[in-house]
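One structure below.
The values are calculated or read from the model by the stated rules, or taken from the named source; none is laboratory data. As the structure is a computational prediction, the values presented were derived from the model and not from experiment. Here Cβ is always computed from backbone atoms with ideal geometry, including for glycine, and neighbour counts include all displayed protein chains.
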Amino acid sequence: MGHEYASTTGIYQFTSDEFRRSTLRSALDRTMQQALHSAAEGAPK
């Protein structure tokens, strides 16, 4: 994760399943919105 100390990185192993799921869902939603927006801008008019 790029932290200076392994103990800092270790805190991530204690996140809940719901937190991981919601964080991943948010990232995927943002990625899809950006991809669709970029595709729409590049579409012939």
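The residue pairs whose first member lies in segment 3-25 and is at negative phi and assigned to a helix (DSSP H, G or I), whose second member is among the aliphatic types (A, V, I, L, M) and loosely packed, with under 10 Cβ neighbours inside 10 Å, and whose beta carbons are closer than 7 Å, counting only pairs six or more residues apart or on different chains, are 9/1; 12/1.
If only residues of segment 26-45 that are assigned to a helix (DSSP H, G or I) and among the charged types (D, E, K, R) are counted, the one that is modelled with the lowest pLDDT is 41.
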